[in-house]
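So the structure is just underneath, and the comments pick up after that.
The values are calculated or read from the model by the stated rules, or taken from the named source; none is laboratory data. Owing to the predicted nature of the structure, the values given are computational and were not obtained by experimental measurement. Backbone-built Cβ (ideal geometry, glycine too); neighbour counts: all protein chains shown. The area values use the complete protein model at the heavy-atom level, side chains included, leaving out ligands, DNA and RNA. Shrake-Rupley method; radii C 1.70, N 1.55, O 1.52, S 1.80 Å.
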Amino acid sequence: MTLVFLALLVWIAGWWINARLANGPKANTRAVGLLVPAIFGLTILIVWELLVRGLEVPLVILPAPSLIAERFASSLPILWADFSQTILKGALGGYVIGCGAAFLTAILVDRSDFLRRGLLPVGNFVAALPIVGTAPILVMWFGFDWQSKAAVVVVMVFFPMLVNTVAGLRETDQMQRDLMRTYAASYWQSLFKLRLPAALPFVFNGLKISTTLALIGAIVAEFFGSPTVGMGFRISTSVGQLALDMVWAEIVVAALAGSLFYGLMALLEKTLTFWHPSQRG
Amino acid sequence: MKTVLAVLTVVVTLIGIWYLACVPMNIKGVLDAAERAGEQVTPATARERRDASALGLVAQNSFAIPRVWSVERPRLPAPHQVATELWDTTVMKKITSKRSLIYHAQVTLSATLMGFAIGTGLGILLAVGIVHSRVMDMSVMPWAIVSQTIPIIALAPMIIVVLYSIGVQGLLPKAIIAAYLSFFPVVVGMVKGLRSPDHMQLDLMKTYFASQGQVFWKLRLPSSMPYLFASLKIGIAASLVGAIVGELPTGAVAGLGARLLAGSYYGQTVQIWSALFAAAILAAALVALLGLLEQVLLGRMGVKP
Amino acid sequence: MNMQMTSRVDSAMDRAPDAAVIEARDLNLVFGTGETSVHALKDINLTINKGEFVSFIGPSGCGKTTFLRCVASLETPTGGSLTVNGMTPEDARKQRAYGYVFQAAGLYPWRTIAKNIKLPLEIMGYSKAEQDKRVAEVLELVELSGFGGKFPWQLSGGMQQRASIARALAFDADLLLMDEPFGALDEIVRDHLNEQLLKLWARTDKTIGFVTHSIPEAVYLSTKIVVMSPRPGRIHEVIDSTLPKERPLDIRDSPEFIEIAHRVREGLRAGHAHD
Amino acid sequence: MNMQMTSRVDSAMDRAPDAAVIEARDLNLVFGTGETSVHALKDINLTINKGEFVSFIGPSGCGKTTFLRCVASLETPTGGSLTVNGMTPEDARKQRAYGYVFQAAGLYPWRTIAKNIKLPLEIMGYSKAEQDKRVAEVLELVELSGFGGKFPWQLSGGMQQRASIARALAFDADLLLMDEPFGALDEIVRDHLNEQLLKLWARTDKTIGFVTHSIPEAVYLSTKIVVMSPRPGRIHEVIDSTLPKERPLDIRDSPEFIEIAHRVREGLRAGHAHD
Amino acid sequence: ADEVKLQLKWVTQAQFAGYYVALDKGFYEEEDLDVTILPGGPDIAPTQVIAGGGADVTVEWMPAALAAREKGLPLVNIAQPFKSSGMMLTCWKDTGISEPADLADRTLGVWFFGNEFPFMSWMGKLGISTEGKGPEGVEVLKQGFNVDPLLQRQADCISTMTYNEYWQVIDAGVTPEELLTFKYEDQGVATLEDGLYVLEDNLSDEAFVDKMERFVRASMKGWKYAESNPDEAAEIVLDNDASGAQTETHQKRMMREIAKLTSGSNGALDVADYERTVETLLTGGSDPVITKTPEGAWTHAITDAALN
Ligand SMILES: Nc1ncnc2c1ncn2[C@@H]1O[C@H](COP(=O)(O)OP(=O)(O)OP(=O)(O)O)[C@@H](O)[C@H]1O
Ligand SMILES: Nc1ncnc2c1ncn2[C@@H]1O[C@H](COP(=O)(O)OP(=O)(O)OP(=O)(O)O)[C@@H](O)[C@H]1O
Ligand SMILES: Cc1ncc(C[n+]2csc(CCO)c2C)c(N)n1
Ligand SMILES: [Mg+2]
Ligand SMILES: [Mg+2]
């Protein structure tokens, strides 16, 4: 019980420090901007640890962060193998193919008003499909290795990316397009000099959404059949073996990879769309 | 009108492609069956056919082509097979029957709606907190993003089991997974929406010396509506995915997810596809409903049609 | 709401008691710090008396808006003193001492015109009946009776701008602060609104602070024209108008008008650094 | 790019050969159909000769922009005839016969000022060296040398507008179409740009079509002022300016100027229905 | 009535007919029990459910139960309605496999999620590595929910149960002659399946023990009824299937096969079977499932009281 009480105390303390920092004079500095969420995360970890210990939650229900960290440190080779199978091959492969294909399709679709009118509603319908449901089908089609995972990812990211890119290519305002007309610019000139740059913020929106979709798709698809390596494989077999610490270690890998992937895209976005008002603060 | 025509053209084209795709996809199964029935196929044994290209097989065994659209357990069911199954399991069955897709859709729907309600409520609350408290903004927002990089779907079974163990069963565990998936778009959209009033609109409130509550109710909330609806539409689709995924681990109990799984378990591809389409139709209907609600509400708010 | 004397009178000893509505002494405002700081207002000294119509004119970035925002307590000066109705701008804001009209009409699109005008009244807790009465009154005043049930987008720009003025007039503030209220309108509509504004001012005896970019507008409307210059923003010249209070539109072709306009233009040009 | 005669001269028989740059005969344009249709241009007859500076003035919605867009072949008339340099507007556009300046600067935010000005040059296939030369030239012309490397949002509104004019000047078009290019600028900057534009026009002998809301601006700049009136959009009056070609800024205080301005205002008022 | 929550290892099917029959025929009621049967699923670990207190008793395979015990979750076998194992490896005959040694250098589908232990032991015994293809090793696929990997020839062999997946292969149009099966029973690596397990701590609670005695008694009554009335039992199962996915033919056939596995048991654990299972698991190759002989992993106390 004392541990539970302590947890409460830690929570209050963490919040208090953050409140001081966030409303203090240095609130807008980069350091504080990083520190505050870090303190928040740390507080949650400590509270979690204390609560699990204090309430004696069984290991098979929820392991303490310290156990997870221990498992993480001692299983690096396995985690790396799983990471490279699921993320590097499955997720990344599918991401590149899916986003690339969607991008090219968007350019094609944008060329024809008829296609856009016809394809977009259909695209939205398909986007509403619970794509994870196609995982068993795609495993049947593409086999057990990473190719089927990549296929699931391709299907998952294709439509969000397509819809965003098409919207982006429409994003130019009337005046910007008219300007191109006054120059009697060709289709390709106005594509490369106007519509693509103007679409970039939307394209990145699609790319960012797709990062998390890619991870989810690749991991979940492994539930429906996989070789004996991969994060989804490890998670499901570890649950069966009650090795919950391993499950959580994989989740940590997923969260790290996901955040990194997302962050990378956000960084790329910042450098390429520096001119967009949303990036200028 | 033009749009309808365009959509129809695209749909017809897609269905055409689909029918064509059935040929290479299903040819091996058809040939295996033919071989067993004693017919002459080339190459003669399944072993050899395993490594042959599908298109090659089609070329060599053109007699089998018509059969690819009526295989019982196809790799890719033909559109009419899916349509027939959909028809049989919706219109032709009593909706109380466990074999009725409507029954299963309704099970999923209730989890979806419950999860959506929880997720949306939570999302809006969180957004309100984030907009009004700097601490919340700085500490919670980054973690909300990180939270979405966790493959919750992979955790669904554990969540179900953990909730199971504290006595929570039935709708709620599924709804919680659905809520987890739907809260994020709502938070992001709502934060954006609540922050959408421009400086001038906020300053106007300041000149009236309006309280925070008044600013919220009279300015922030109304101006967030378009953003809210945009994210609600994403949220409800996500919620449906969550509900379906939440149905997978509990196996073949009830719901579209269960149909999906049971279909997969027994190799009933037609059943998988019809469950998938039912889910997509459900999602589209939900989104359309929200769109309607949006139109009515925004119309009442005088937004230019 | 009448002028209320607070303990801060000492800082305003040299003004005629109960006449000065706005009083700035060595007012300074610097945005930001370090290299990127902007000296938006430098050593502003200005007294605006009750019932005056004061225009602020000057090139973009000279601090016109900033000054008005200081008066409205939407911005906090970094030096000097500023009183509104003899109190701090903040206290004046809390007493709802002024109505503010922004450059764009800024009507809330989800409210009808009548509901937009009601907005401040709701916030200030007027009774329902009182709200309705006042809305009808000010709609009449800006010649928009009959349009109360329309949504903003159903009105032309000029009508929207009139509605936003009505909104600022709906509650009892003796001070009206207007930041380029007609900037977005075409010349004919603008002329018309100028005429109406003058009439309104003459009738209600409000004090008006008015920012504009247009020399004819400033000359036509004001009893006093404050010409400002930028970098740092300061008052270049204060020109008192010799025009009569009664001003038909074609006063603008009179030599007196042209003479004042000329002075304003010269003042502007002298204080202007081309960018 | 000099005027090129095509086979379509027949449609422009009654104009002085190679003088009329723009020629509209009974030009009509109706937007939409049925109940919601708008008659934006009705029976427009107008000839603009080489070297003229023609201003279009009129209340909002009278079709000024629409007319300019027809000339630029951004809009297709629904009746009557219109020729530009003796050809159809479409052919003229394809021959890059004109430069167009929009109301807002409309610079692409992802390009620097220099790159923005290069945009038409890239599209029209000028050589790299030629591009650089011309950019330097026009930047000089609009007094923006040294700002080529900046991004649009790093410049003030006036500077952006000047950059957009530079962009339209960078390639050899003898016709310049400007749709309220200075609408968003303050009066002083506007005066300055007006002066420069006049100089440029005098020097280069371009033909200029210029839309404005400002009476002084129209009078100051033009050799011919087209006063339009709305609903349906038509030409109310065409006023020829009697001012000399050489126009210092203070010509605006001259009686002649005031007289023309007065005529324009009267014309405007007569054609205007208050909203 | 006393409440009992039973967690099944898998979805509602004839594999669990005994419990559904006991429920449906009122055998539990007669023992003054109020039994709730919780269906399992592909990702439900019964051990985890019981550890969290979500169930009182669970149907589980012994390898998983013993593994959990070594992980610190003290599960105890209180009854063993299944005498023999129904697990086997089903291969295409035309791949040239004729004996276990031929399995090397093949692709095999295996169930994981705690069901992989018997397979690992077998391979360990055969001296075949599961790390990858090669003259001494096999490529292992994590097999999904169905028999597609075999039908699509993505694997040369897959895991099947005599009562379920094997018949799905047959239903897909494959003839028994095309197939070759290796029963774990025949290979001497059979492990006990579908026993009833409870948490050790609960066994010191007399009321709980009493409840379990009645539960096991009623359940065995259900099993014996099901064995002798397979078609009726299958119907009962179908009535309880909420997914509407099971078919009558399949369940009736499954019930007949299940009866073969349960017929040899009266419910009491055969200690010889237990020891064979433990031995199999201990010798499980390089990475054995359990590392030391478990203590107290079973008890006869309940069956002794229940069945006499
Ligand atoms: N919030 C702010 N932060 C930093 N600088 C500001 C801020 N607001 C205004 N400034 C700067 O202060 C100076 C004065 O701005 P202000 O808006 O008062 O000018 P203005 O005279 O109203 O110009 P305009 O005619 O363009 O409206 C400008 O240089 C402007 O860039
Ligand atoms: N694309 C369009 N579709 C329908 N109506 C249009 C369109 N463009 C312009 N109009 C209508 O045509 C009329 C003339 O418009 P135009 O833009 O030419 O006016 P303007 O004189 O340029 O006005 P302003 O001074 O406000 O720019 C207006 O009533 C306008 O609403
Ligand atoms: C994903 C998955 N994991 C394990 C099993 C194994 N399993 C558990 S209970 C049972 C009997 C069902 O016929 C079987 C085979 C499976 N089938 N699918
Ligand atoms: Mg301003
Ligand atoms: Mg216009």
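Looking at the stretch A:1-77, the helices (runs of 4 or more DSSP H) lying wholly inside it that each contain 2 or more residues that are within 9 Å of chain B (Cβ to nearest Cβ) and touching a residue at least 12 places away in the same chain (Cβ under 8 Å) sit at A:2-23, A:30-54.
Summed over the stretch D:194-213, residues that are over 14 Å from the mean Cα position of the chain (by Cα) and either within 16 Å of ligand 3 (Cβ to nearest atom) or within 13 Å of another protein chain (Cβ to nearest Cβ) (or both) total 2.
The single condition among (1) assigned to a loop (DSSP other than H, G, I, E, B); (2) within 16 Å of ligand 5 (Cβ to nearest atom); (3) crowded, with 21+ Cβ neighbours inside 10 Å that D:Ala104 does not satisfy is (3). Tell me, yes or no, whether the stretch C:231-242 has at least one residue that is within 16 Å of ligand 4 (Cβ to nearest atom), under 14 Å from the mean Cα position of the chain (by Cα) and either surrounded by fewer than 21 Cβ atoms within 10 Å (Cβ to Cβ) or of a type outside the set (A, V, I, L, M, F, W, C) (or both). No: zero hits.
Determine if the stretch E:21-38 includes at least one residue that is open to solvent by less than 20 Å² (accessible area, probe 1.4 Å), closer than 22 Å to E:Thr162 by Cβ and within 16 Å of ligand 3 (Cβ to nearest atom). No. Of the set (1) open to solvent by less than 10 Å² (accessible area, probe 1.4 Å); (2) touching an Asp or Glu at 6+ places or on another chain (Cβ under 6 Å); (3) within 29 Å of E:Gly72 (Cα to Cα), all apply to E:Arg214 but (1). One residue stands out among those in the stretch E:7-32 that are touching a Phe, Trp or Tyr at 6+ places or on another chain (Cβ under 8 Å) and within 14 Å of chain B (Cβ to nearest Cβ): the one that is farthest from ligand 1 (Cβ to nearest atom), which is E:Ala14. Conditions first: (1) open to solvent by less than 20 Å² (accessible area, probe 1.4 Å); (2) over 26 Å from E:Ser129 (Cβ atoms); (3) in contact (Cβ under 8 Å) with a residue 12 or more places away in the chain. E:Glu227 passes all but one, so which condition is the exception? That leaves (1) as the condition not met. Residues that are open to solvent by 40 Å² or more (accessible area, probe 1.4 Å) and either touching a Pro at 6+ places or on another chain (Cβ under 7 Å) or of a type in the set (S, T, N, Q) (or both) within the stretch B:76-114 comprise B:Thr84, B:Thr96, B:Gln106, B:Ser110, listed in sequence order.
Of the helices (runs of 4 or more DSSP H) that lie entirely inside the stretch B:194-286, those containing 3 or more residues that are within 8 Å of another protein chain (Cβ to nearest Cβ) and touching a helix residue (DSSP H, G or I) at 6+ places or on another chain (Cβ under 6 Å) span B:221-247, B:256-265. Filtering the stretch E:166-184 to residues that are open to solvent by 10 Å² or more (accessible area, probe 1.4 Å) and within 12 Å of ligand 3 (Cβ to nearest atom) leaves E:Tyr166, E:Trp167.
Of the residues making up the stretch D:65-81, those that are open to solvent by less than 10 Å² (accessible area, probe 1.4 Å) and near ligand 2 (Cβ under 9 Å from one of its atoms) number 2. Considering (1) within 13 Å of another protein chain (Cβ to nearest Cβ); (2) part of a helix (DSSP H, G or I), the lone condition that B:Ile95 does not fulfil carries the number (2).
Annotation: of all residues in the stretch A:181-197 being at the interface with another protein chain (Cβ under 8 Å from one of its Cβ atoms) and part of a helix (DSSP H, G or I), the one that is surrounded by the most Cβ atoms within 10 Å (Cβ to Cβ) is A:Thr182. Just wondering, is there one or more residues in the stretch C:178-190 that are touching a Ser or Thr at 6+ places or on another chain (Cβ under 7 Å), open to solvent by 20 Å² or more (accessible area, probe 1.4 Å) and either within 16 Å of ligand 3 (Cβ to nearest atom) or not in a loop (DSSP other than H, G, I, E, B) (or both)? Yes, the conditions are met somewhere in the stretch C:178-190. For the stretch E:243-295, filtering for residues that are within 14 Å of chain B (Cβ to nearest Cβ) and either open to solvent by 20 Å² or more (accessible area, probe 1.4 Å) or at pLDDT below 85 (or both) leaves 8. Could you please find all residues in the stretch A:229-281 being open to solvent by less than 60 Å² (accessible area, probe 1.4 Å) and of a type in the set (D, E, K, R)? Correct list: A:Arg234, A:Asp245, A:Glu250, A:Glu269.
Scanning the stretch D:127-146 for residues that are outside any helix (DSSP H, G or I) and at pLDDT below 90 gives D:Val142, D:Glu143, D:Leu144, D:Ser145, D:Gly146. Scanning the stretch E:1-33 for residues that are more than 21 Å from E:Gln48 (Cβ to Cβ), modelled with pLDDT under 90 and of a type in the set (A, V, I, L, M, F, W, C) yields a single hit, E:Ala1. For the stretch A:198-242, how many residues meet the condition of being within 14 Å of chain E (Cβ to nearest Cβ) and either in a helix (DSSP H, G or I) or in contact (Cβ under 8 Å) with a residue 40 or more places away in the chain (or both)? Adding up the residues that qualify gives 22. In a residue-by-residue description of the stretch A:120-136, the property of being under 30 Å from B:Pro249 (Cα atoms), assigned by TED's automatic domain parsing to the domain that holds A:Asn164, open to solvent by less than 10 Å² (accessible area, probe 1.4 Å) and not in a helix (DSSP H, G or I) applies to at least one position. Consider the stretch D:53-84 and keep the residues that are away from chain C (no Cβ under 14 Å) and either assigned to a helix (DSSP H, G or I) or within 16 Å of ligand 4 (Cβ to nearest atom) (or both). The one that is farthest from D:Pro230 (Cα to Cα) is D:Val71.
From the list B:Ile160, B:Ile130, the lone residue that is in a helix (DSSP H, G or I), more than 8 Å from every other protein chain (Cβ to nearest Cβ) and surrounded by 19 or more Cβ atoms within 10 Å (Cβ to Cβ) is B:Ile130. Considering only residues of the stretch D:85-101 that are in a loop (DSSP other than H, G, I, E, B) and within 11 Å of chain A (Cβ to nearest Cβ), which is least open to solvent (accessible area, probe 1.4 Å)? Here the residue is D:Ala97. If we scan the stretch D:218-229, do we find a residue that is within 16 Å of ligand 5 (Cβ to nearest atom), within 11 Å of chain C (Cβ to nearest Cβ) and not β-branched (Val, Ile, Thr)? Looking through the stretch D:218-229, at least one residue is within 16 Å of ligand 5 (Cβ to nearest atom), within 11 Å of chain C (Cβ to nearest Cβ) and not β-branched (Val, Ile, Thr).
Among the residues of the stretch C:178-189, the ones that are more than 12 Å from ligand 4 (Cβ to nearest atom) and either under 8 Å from the mean Cα position of the chain (by Cα) or polar (S, T, N, Q) (or both) come to 0 in all. Inclusion of D:Arg252 among residues that are open to solvent by 20 Å² or more (accessible area, probe 1.4 Å), at pLDDT below 90 and at positive phi is not warranted.
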